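See below for the structure under consideration.
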There are 2 protein chains.
Amino acid sequence: MKLLIKDVLLKNVVTDILVEGNKVSHIGEIEDTNSIDKIIDGHRKAAIPTFINGHTHSAMTLFRGYADDMSLEHWLQEKIWPNEANLTDEFVYWGSRLACLEMIKSGTTLFHDMYWHIPATVQAVEDSGIRAVLSTVLMNTAGKKQGEALKAEAQHMIRQKLNSRIRLSIAPHAIYTVDAELLQWAKSFADAHNILLHIHLSETKTEVENSKKNFGYTPVEYLHSLGVLGANTVAAHCVWLTDRDIELLSAARAKVIYNPNSNLKLASGFNFRYKDLKKADVLIGLGTDGCSSSNNLDMVEAMKMASLLSKVVHDDPTAMPVKETFDLATKNSAEIFNLPLGEIKEGNLADICLVDLQRPDMTPCHHLLSNIIYSSNGSCIDTVICDGQIIMENRKVKDEELILEKASESAMKLFYE
Amino acid sequence: MKLLIKDVLLKNVVTDILVEGNKVSHIGEIEDTNSIDKIIDGHRKAAIPTFINGHTHSAMTLFRGYADDMSLEHWLQEKIWPNEANLTDEFVYWGSRLACLEMIKSGTTLFHDMYWHIPATVQAVEDSGIRAVLSTVLMNTAGKKQGEALKAEAQHMIRQKLNSRIRLSIAPHAIYTVDAELLQWAKSFADAHNILLHIHLSETKTEVENSKKNFGYTPVEYLHSLGVLGANTVAAHCVWLTDRDIELLSAARAKVIYNPNSNLKLASGFNFRYKDLKKADVLIGLGTDGCSSSNNLDMVEAMKMASLLSKVVHDDPTAMPVKETFDLATKNSAEIFNLPLGEIKEGNLADICLVDLQRPDMTPCHHLLSNIIYSSNGSCIDTVICDGQIIMENRKVKDEELILEKASESAMKLFYE
């Protein structure tokens, strides 16, 4: 399959982009279009790399708007956990299909997920045509038996042959839900299988206070003390870091995922130390978190929120300028997940968004990335290519109506039957 | 003209809405549709009141993305003021047309504007079919002569016969650009003509510090000391209020417009004391500010930002719940501008949005307002009615291509010729 994007704006130049198989094979004018299977007219469109959502819980789209404006404790205990107990593979499949649909419609083709019923999510990602790194969850709040069962699940999943667009990681949920032994098991499992270790870390003040009380360490120090912190650590949130924490994250070459919407909505904290982490050379990605907390999966909105919040937190309107913000959601994240993505260049995987420039919020176009991040939102994405395949064209995605119907039905069954 | 919206979701009930002339005449099932001129199918749509943008500078859409990530001082002195000096009626007309187009496409039908070349904006609003309260600007940083000329402009404008959708207000720009005498003239002008007095107030820390140094008062105290603060005051920003300021605003029945995006992006401050203002019964509206600072005019995004930020500022995830947030942009603002808007009810002006419910970010629909505010953005608005006229249907607005072209051309001429 040869796909040609003709006359598209790419980094301030109008050019052609040739996709062969699942890769970008040539950038530059293509005159002979005889052997091309499909040509996309790039006129009045800009090509940008697709986005990478560094931390989410995809099937929780079913929880969107179900329980807002509540304290974290009530929210988890009354609304989230009791309903999660009733989840089935079918619910998770349609919740994840809805998540993938929403991600496609806002330009994301790779997400890092942490949730239950992994095989259902594997199937949803496969059917949606996008990419994922799916974390098998570990926790043992319910005792040793729970931990053993979840270890067995992880061991089972790692033996499966998966679609080339799907990888696994291991997710000890957090330091307050996973004991030291299981945290260390997760680390050895991640090392043995060369996969990432995905964890919620330093998300709330309470987590940090309890960690100090129970372990005598901050959450980051605690992971370090156990030998768990490493280059394969992908730590979500990190809104309550000390200087020492930043040193440890940097020394370990651990990765951090910033989730501004979720941190605000749950009032977890806003003081993400972007400038300090950047200065310490910590690789930072960006995530939406799940729809139960942040309510959507729009990475354009996440970029805007990250940038605006960083400015006011650092009392500096020049903090996190657009190019850096854009890199968080593209280039940096590609490095975190170790995939040739995040930039449109020859040899990279062909994951490409076309942005519609004919919109009021994209007019005038003094600066493309500024318009995308500060002015627009995910709806400016007109066309999405993943792994060389067109998965959205003119905002139309295959099976959209079916997915919306099935996901609605699933939510109704889960919550009200 | 009789317009019927058939089978639409309104406050959790599927019903019909009849519009006669420029008003909502009946809500409830309508069986006989013989005398109806136009029927809109409301199936899979929800009807909500249109939004009111309490503070903006509409023609500054031409500056969108022209100068981001800069300190306020450099931004104003190097990028904004030199270019504003070159504005003409034509630039302002197309800038305001673009603003109106963007507002229509995100569900806003009334905006409170503060900008130069008012007659051009009057024409743009008239041609766009929406409503505005347009402030004639006063300042005298350039001396007495400037002040006198701007007073004459205000006096000239107030004598004009305007379209019924357009009203005027008077805008002394800020306490640091308008001297005491001119502030007091503005107040007497507002009182004499029964119009609002629109002012930037307590926007930055520097403004407050200088006010204390120069006048011995906070900005709010200073306005109070001059007898300028009153029930007709509409104060934009107010991010640096003291307890005493809140008392004075409350006692004067002054109105406050919160502009979260702009306050973040310019790093003006995030500590908008929403709960304290609400407790003091101060009427609060919501604005986007101009596109030079906040980059778009999307009131849905402004609602989301206001709510999320309030939660983290008050360290309380229950702060500013969705219904209150929605009221800021609708009911409260209608009260501020003293118009029968902000709620769809019999007798009110027919300014109505239809929200598209068939979208991933609106699925599932546990809670409509939550989905609009926390999950979606202005692009969920499918149809807009203003003053009984359909001004957007299926996201199509009259003259959209022409406006985008002319606004782009105007920006190119203004900045690069």
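For the reader, a short list of remarks on this structure follows.
- Per-residue surface analysis assigns residue A:191 an accessible area of about 80 Å², computed on protein heavy atoms at 1.4 Å probe radius.
- Applied to the range A:329-341, the Karplus parametrisation 6.51 cos²θ - 1.76 cosθ + 1.60 on θ = phi - 60° returns per-residue 3J(HN,Hα) values of 8, 10, 4, 4, 5, 4, 5, 4, 8, 6, 10, x, 10 Hz, with x for Gly and Pro.
- Accessible area (Å², 1.4 Å probe, nearest 10) - residue B:244: 110
- Extent along principal axes [Cα atoms of chain A; Å; largest to smallest]: 66, 49, 42
- Full-stretch length increase - residue B:271, residue B:74 - with 0.36 nm per residue and alpha-carbon distance subtracted: 68.5 nm
- For chain B, the carbon plus sulfur part of the accessible surface works out to 47%, probe radius 1.4 Å.
- Dipole in debye (nearest 20) - the protein assembly as shown, about Cα centre, beta carbon charges: Lys, Arg +1; Asp, Glu -1: 840
- Residues of the range A:45-68 whose accessible area (probe 1.4 Å, heavy atoms of protein chains only) drops by at least 20 Å² once all protein chains are present, relative to their chain alone: A:64, A:65, A:68.
- Cβ-vector label at 7 Å, residue A:145, separations to other copies in nm: 9.0
- For the range B:250-272, residues shielded by at least 40 square angstrom of accessible area compared with the chain on its own, probe 1.4 Å: B:264, B:265, B:267, B:270
- Once you reduce the range B:243-259 and the range B:293-331 to the center of their Cα atoms, the two points are 18 Å from each other.
- Solvent-accessible area buried by pairing A with B, both sides, nearest 100 square angstrom, 1.4 angstrom probe: 4800
- With every protein chain in place and a 1.4 angstrom probe, the accessible-area ranking of A:365, A:291, largest first, reads A:365, A:291.
- Over chain A, accessible surface divided per residue gives 36 Å², non-protein components excluded, 1.4 Å probe.
- The lysines within cross-link reach of residue A:144, meaning a Cα-to-Cα straight distance under 28 Å and a gap of 8 or more places when in the same chain, are A:79, A:187, A:205, A:212, A:213.
- Projecting 7 Å from Cα along the Cα-to-Cβ direction, the label point of residue A:212 sits 3.0 nm from its equivalents in the other copies, listed shortest first.
- Most mobile listed residue (B:71, B:294, B:35) in chain B, GNM with C-alpha springs under 10 Å: B:35
- Solvent-accessible surface (1.4 angstrom probe) belonging to residue A:255, in square angstrom, nearest 10: 30
- Amide H partners (placed H, <5 Å) of residue A:392, local residues excluded: A:384
- Take residue A:33, push a point 7 Å out from Cα through the beta-carbon direction, and compare it with the same point in every other copy: 4.4 nm, smallest first.
- Of all DSSP-defined beta bridges confined to chain B, some 40% are antiparallel rather than parallel.
- Under 5 Å, built H, 5+ apart or other chain: amide partners of residue B:285: B:256, B:257, B:258
- Across the range B:341-417, Cα-Cα pairs farther apart than 13 Å form 74% of the total.
- The aspartates and glutamates whose alpha-carbon is closer than 16 Å to the alpha-carbon of residue B:406, local same-chain residues fewer than 8 away aside, are A:361, B:89, B:90, B:102, B:127, B:417.
- The calculated FRET efficiency for the pair residue B:250 and residue B:179, based on their C-beta separation and a Förster distance of 41 Å, comes to about 0.95.
- Every Cα-Cα pair in the range A:1-84 was counted, and those over 16 Å apart are 65% of them.
- Candidate residues A:13, A:384, A:313: accessible-area rank, largest first, probe 1.4 Å: A:13, A:313, A:384
- Ranking B:150, A:14, B:314 by how far each Cα lies toward the positive end of the dipole of the protein assembly as shown (charges on Cβ) leaves B:314 at the top.
- Inter-centroid distance (Cα atoms) of the range A:1-25 relative to the range A:94-137, Å: 26
- By the rule of a C-alpha distance below 22 Å, with chain neighbours fewer than 8 residues away ignored, the lysines paired with residue B:279 are A:265, B:255, B:304, B:311, B:323, B:331.
- Threshold 20 Å² - residues in the range A:381-417 whose accessible area is reduced by that much or more when the chain is no longer isolated, probe 1.4 Å: A:401, A:404, A:408, A:412, A:416
- Under Karplus coefficients 6.51, -1.76 and 1.60, residue-wise ³J(HN,Hα) of the range B:298-314 in Hz, glycine/proline x: 8, 6, 5, 5, 4, 4, 4, 4, 4, 5, 4, 5, 4, 4, 6, 5, 8
The values are calculated or read from the model by the stated rules, or taken from the named source; none is laboratory data. The model shown is predicted, which means the values in this text are computed figures rather than measured ones. Neighbour counts run over all protein chains shown; Cβ positions are idealised from the backbone, glycine included. Keep in mind that these areas ignore ligands, DNA and RNA; they rest on the heavy atoms of the full protein, side chains included. Shrake-Rupley method; radii C 1.70, N 1.55, O 1.52, S 1.80 Å.
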